[in-house]
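Read the structure below first, then the notes.
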Amino acid sequence: MLPPSASGAGTIGTRDRRTAILDVAANGTQLHHDLAGANGSLVVLTHGLGQNLEFFTPHLEALAAHHRVLRWDLRGAGRSAKPPGPYDPGLFARDLAALLDALGEPAAHVVGHSGGGVVAQRFALDFPDRTRGLVLASTSSEVGVKATAAWNRLADTVERSGFGPERDPDPRGFGPAFAAAHPEVVRELARRTRANDPAAYAATARAFGSYNWTGELPNLRAPTLILQGLADQMTPPGGSVILSRRLPRCRLVMVPDAGHNLPIEMPALFSSAILAFLGGLELVHLN
């Protein structure tokens, strides 16, 4: 296990003006994205449900010092187009492949948090030759029947009634200690969720609430780093253990006290773990 780091904790990103902000037509929709960094291999950062590319702003400077960094808004999120559903992980993976095509990029390291980790897995399974390395944070390879039913109820409610009246945000997306120390961060992530288009949010929730490809994982050849908070109440650590047992080339790092939003709670640890992992892959490639 890595020790938790509090460096940079309690911050949440806003737009970095040094990035190149772009929109392209890809896979039949319009995808908003930005690019930072001038040198090195391409690293793609993929956010989860209810968020957008700004989720990764706390990591942009550190990663872009060594790599070219592509952040993107999933279809239905942020400033990307919001076509009617249904959506599914394979569709998001094809969106990413089309975005890379539009940018002239043959392959990339793919980083995904939560639902973004679902997309990253599906991309690596469907486009193995385009996946140089994989970083999966707070995610899983399957959703149980009860959990799928809960996701569908949430989607139905949001689709029917929107996000409802504003109330105190649910702190379960964070470790208890972090949520108590940084209520403003909990509120900000909740505000971003409420800013979503209800229909697109519902379509994405259904996509991230129904998948199971654990049996396919032995076919995933990309070297993989799995980052998991031990205090994650949204995607408990057991999902990462399953990933680690099925993936043929992976390392599992369990982080004490970190909750589901590990990248926000412990940004220095998250960025450093990614850079160390990718640095090792680059060294092996050079040799």
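The values are calculated or read from the model by the stated rules, or taken from the named source; none is laboratory data. Quantities reported herein were computed from a predicted structural model and do not represent experimental measurements. Because the Cβ atoms are built from the backbone with ideal geometry, glycine has one as well, and the counts that use them run over all protein chains shown.
Hey, among ALA231, ALA276, ALA207, ALA258, which residue is surrounded by fewer than 15 Cβ atoms within 10 Å (Cβ to Cβ) and out of contact with any Cys (no Cβ under 6 Å at 6 or more places or on another chain)?
Numbers: ALA231 fails: surrounded by fewer than 15 Cβ atoms within 10 Å (Cβ to Cβ); ALA207 fails: surrounded by fewer than 15 Cβ atoms within 10 Å (Cβ to Cβ); ALA258 fails: surrounded by fewer than 15 Cβ atoms within 10 Å (Cβ to Cβ).
Answer to the selection: ALA276.
Within region 91-110, residues that are free of Cβ contacts under 8 Å to residues at least 60 places away in the same chain have Cβ atoms under 8 Å from residues that are of a type in the set (A, V, I, L, M, F, W, C) and in a strand (DSSP E or B) in these pairs: LEU96/VAL44; LEU96/TRP72; LEU96/VAL110; LEU100/VAL44; LEU100/ALA108, counting only partners at least 6 apart in sequence or on another chain.
Does ARG130 satisfy the condition of being crowded, with 17+ Cβ neighbours inside 10 Å, free of Cβ contacts under 8 Å to residues at least 60 places away in the same chain, among the charged types (D, E, K, R) and closer than 24 Å to HIS59 by Cβ? So ARG130 fits the description; yes.
Within region 33-50, take every residue that is closer than 15 Å to GLY116 by Cβ and surrounded by fewer than 24 Cβ atoms within 10 Å (Cβ to Cβ) and give me the one that is farthest from the chain's Cα centre (by Cα). Across region 33-50, the extreme among qualifying residues is GLY50.
Surrounded by fewer than 22 Cβ atoms within 10 Å (Cβ to Cβ) and in a strand (DSSP E or B): does that describe ARG94? Before you say what the answer is, go through the steps one by one.
On the way: surrounded by fewer than 22 Cβ atoms within 10 Å (Cβ to Cβ): yes; in a strand (DSSP E or B): no.
So ARG94 fails the test.
All conditions in (1) hydrophobic (A, V, I, L, M, F, W, C); (2) in a helix (DSSP H, G or I); (3) at pLDDT 95 or above hold for ALA258, with the sole exception of (2). Contact map, region 167-181: first residue modelled with pLDDT under 95, second residue hydroxyl-bearing (Ser, Thr, Tyr), Cβ cut-off under 9 Å, separation 6 or more or different chains; pairs are PRO169/THR193.
Please work out which residue is farthest from PRO171 (Cα to Cα), limiting yourself to region 255-287 and to residues that are of a type in the set (Val, Ile, Thr) and either in contact with a strand residue (DSSP E or B) (Cβ under 7 Å, 6 or more places away or on another chain) or touching a residue at least 40 places away in the same chain (Cβ under 8 Å) (or both). Steps first, please.
Looking only at region 255-287, we keep the residues that are of a type in the set (Val, Ile, Thr), and these are 255, 264, 274, 284.
Still in the running and either in contact with a strand residue (DSSP E or B) (Cβ under 7 Å, 6 or more places away or on another chain) or touching a residue at least 40 places away in the same chain (Cβ under 8 Å) (or both): 255, 264, 274.
On the way: VAL255: 18, ILE264: 13, ILE274: 26 Å.
In this case the residue turns out to be ILE274.
Taken together, the residues in region 51-76 that are assigned to a helix (DSSP H, G or I) and buried (at least 17 other Cβ atoms within 10 Å of the Cβ) amount to 11. Here ASN212 passes the criteria (1) crowded, with 24+ Cβ neighbours inside 10 Å; (2) of a type outside the set (A, V, I, L, M); (3) touching an Asp or Glu at 6+ places or on another chain (Cβ under 7 Å) except the one numbered (1).
Consider PRO263 carefully, then state whether it is within 25 Å of GLY76 (Cβ to Cβ), in a helix (DSSP H, G or I) and of a type outside the set (D, E, K, R).
Details: within 25 Å of GLY76 (Cβ to Cβ): yes; in a helix (DSSP H, G or I): yes; of a type outside the set (D, E, K, R): yes.
Criteria met by PRO263.
So if I check each of VAL145, VAL158, which one is hydrophobic (A, V, I, L, M, F, W, C) and in contact (Cβ under 8 Å) with a residue 40 or more places away in the chain?
Values: VAL145 fails: in contact (Cβ under 8 Å) with a residue 40 or more places away in the chain.
Going through VAL145, VAL158 in turn, the sole match is VAL158.
Residues in region 238-249 that are surrounded by fewer than 18 Cβ atoms within 10 Å (Cβ to Cβ) and farther than 22 Å from GLY280 by Cβ: GLY238, VAL241, ILE242. Filtering LEU189, LEU252, LEU225 for residues that are buried (at least 17 other Cβ atoms within 10 Å of the Cβ), without any contact (Cβ under 8 Å) to a residue 60 or more places away in the chain and within 17 Å of the chain's Cα centre (by Cα) leaves a single hit, LEU252.
Being assigned to a helix (DSSP H, G or I), closer than 19 Å to ASP232 by Cα and under 22 Å from the mean Cα position of the chain (by Cα) is the filter here, so list the residues in region 146-182 that pass it. The answer is ALA147, THR148, ALA150, TRP151, PRO171, ARG172, GLY173, PRO176, PHE178, ALA179.
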